[in-house]
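Input: a single structure, listed below in structure tokens.
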Amino acid sequence: MCCERFRVHSGTRGFKWLRPSLNNDTEENIETAKRFQHINYIRAETSPRGISLEMSENSNVVVQKGTSSTVPRALIIKMMAENFERLPELDRKIFTYGPMYLGGNGAFAGLIANSLYRRALNVTQGRFSSNLPMAVLPFLTTVAMYNVAVSKPLLSGDLNCPTCVLIRGALVGAVGAGIYPILLALPVNAGLATRYNTAPLPEKGNVLRFWMNITQPILRKMGVVIVLQVFFGTYLSSRHFDSYLKLIQLSTSNGEELQD
């Protein structure tokens, strides 16, 4: 669990990490360290044009910093969904269609991996039957993985750690849009090579070594693609977290009005 504080400055899109200063010689700071091991929350510092809030994953309320008013967590989540249309148009499009762009990259990586395996195994038959699943399956898998790992947890308020968001986006880009298409292309083209006998297949004792020798040069060629997918997944998740912070600000402002 991420146990960090950060400050969101009004009028900017960045944030600055603030760690509690710990001194082993004082009992008060030791207790503070223990408390931070169990509480994970967002703190947006007060500014003349901004708001402040404390939101904990283990709490059912959002506290308006500097005031005694609290907003139920369920109400904040509901207002986040309702205020989604109030976001800038670019943010809405990136949040809605961003996973599809990442899935499109995964489909493109699948087509590249499929082409490399077909050349390595001298497969010329079944071009359409192999390209179709290599494009569709990585696309659907990547979109589903990103929505489950990043988009839905953000909108439900279950994910408010920026580092965790970036890591999840990078992993989805690497695994769903990079490694999975390569692993999928191997059995597809191995089946075609066996069916049409386009390449001499190994004996039973050398099967693993044979496929490793086929796959290693393809992995080296696909390394650049995987790195690009990681960067794109990280960038997309960072933009989604920016949109999440804007939704939090809009929803908390509305919640404070309701409390008044």
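Find how much the distance from Lys152 to Trp211 grows on full extension, using 0.36 nm per residue of separation minus their present alpha carbon separation; answer in nm with one decimal. Intermediate values should be presented prior to the final figure.
On the way: separation 59, 0.36 × 59 = 21.24 nm, distance 3.81 nm.
In short, 17.4 nm is gained.
Order by neighbour count: Phe95, Phe84, fewest other Cβ atoms within 10 Å first, most last. Mind showing how you got there, number by number?
Details: Phe95 21, Phe84 18.
In order of increasing Cβ crowding within 10 Å: Phe84, Phe95.
Any read-out appearing in this document is the output of simple, stated calculations on the displayed coordinates, not a laboratory observation. Remember, predicted model here, so these are calculated numbers, not experimental data. Glycine gets a Cβ as well: all are built from the backbone with ideal geometry, and neighbour counts include every protein chain shown.
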